[in-house]
Amino acid sequence: MKDKLAKYISIITSLYITIPFFGLFIIGVYSSSLKEFLFLGATYIFFAGLLPMIFIYISVKSGNINDFNLIERKQRGGTLLTSTGSALLLIFIFKFISAPYPLFCLAVILTMTNLVFYLITNYWKISMHSGSFTGMVIVATIFVSSYSLFFLLFIPVIAWARVRLHRHTILQTLVGSLVAIAVVLICSNILGVI
């Protein structure tokens with residue numbers, strides 16, 4: 001029963017869900033119309049979520065990656081580089097179309113977080129679940145409302161699930177969250193939003 005619960009928690013809080021969820025939330029706040037929300041949201045989903053998922057799908061089908069969960073640390077590099085490049089393209093697109101500044105900042109933060117996680121993953125298995133969830137909560141707190149901090153209460157639950165499933169250690173989940181917080185705060189400071 002506990003393993004099943006841990007699995008569901010891991011699925012619901014995976015970066016493939018949290019990054020789109022929080023991103024669309026932020027886009028919704030800064031969109032001036034439904035048309036703008038749909039355009040910016042579709043652009044964001046394509047570059048922040050769909051392209052990396054396509055890379056993973058192709059890699060699994062070709063045998064370069066064992067599974068969609070990226071359990072093996074050494075198999076995460078290509079996905080993180082793809083995510084970094086895809087988020088970098090999102091920066092240029094949001095800049096080119098004059099998207100609201102917070103969305104440009106979101107793309108910068110995604111790019112830098114992916115890059116930092118890629119660099120760490122070359123040497124150590126950091127928790128992308130904890131990192132992506134925590135990072136997106138902090139971004140939502142900065143750009144939308146301090147009430148977003150409520151979601152931080154879920155971090156111990158995510159850590160429990162990842163440890164319970166033997167995907168990470170407690171330290172890997174903790175470091176994932178702390179690194180994400182640091183990247184978000186540093187980028188936000190450089191971008192002049194805090």
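Computed from Cα atoms, the angle from the helix 101-121 axis to the main principal axis of the chain rounds to 20 degrees. Distance from a point 7 Å along Cα→Cβ of N66 to each backbone N in segment 150-165: keep the residues under 16 Å and list them by number. Residues passing the 16 Å test: 165.
Can you tell me the 0 to 90 degree angle between the C-alpha axis of helix 15-30 and the longest principal axis of the chain, rounded to 10? The answer is roughly 20 degrees.
Of the chymotrypsin sites (Phe, Trp or Tyr not before Pro) found in segment 23-100, those that fall in a DSSP loop while having at most 14 other beta-carbon atoms within 10 Å are F68.
Counting every other Cβ atom within 10 Å of each residue's Cβ, S146, S86 order from fewest to most as S146, S86. At an R0 of 30 angstrom, the distance between the Cβ atoms of K4 and N189 translates into a FRET efficiency of 0.15. Taking other Cβ atoms within 10 Å as a rough exposure proxy, E72, E36 sort from fewest to most as E72, E36. Placing a label point 7 Å from the Cα of L165 along the Cα-to-Cβ direction, the residues of segment 73-104 whose backbone N falls under 15 Å of that point are 73. Helical content of the chain, expressed as a calculated mean residue ellipticity at 222 nm, amounts to -23500 deg cm²/dmol (DSSP H runs of 4 or more residues, -39,500 (n - 2.57) each, divided by residue number, nearest 500). Please state the relative contact order of the chain as a whole percent: Cα pairs under 8 Å, 6+ residues apart? Across the chain, relative contact order equals 27 percent. In the chain, the longest principal axis of the Cα atoms and the axis of helix 155-164 are about 30 degrees apart.
With θ taken as phi - 60° and the Karplus curve 6.51 cos²θ - 1.76 cosθ + 1.60 applied, the whole-hertz 3J(HN,Hα) list for segment 180-187 is 4, 4, 4, 4, 4, 5, 5, 4 Hz, x standing for glycine and proline.
Extension gain for V144 to L81 (0.36 nm times residue separation, less C-alpha to C-alpha distance): 19.8 nm. When the alpha carbon coordinates of the chain are projected onto the principal axes, the ranges are 44, 38, 30 Å, largest first.
No value in this document is a laboratory result; all are computed from the given coordinates. Since the structure is predicted, the reported quantities are computational estimates derived from the model, not experimental observations. Every residue, glycine as well, gets a Cβ built from its backbone with ideal geometry; the counts of neighbours run over all protein chains shown.
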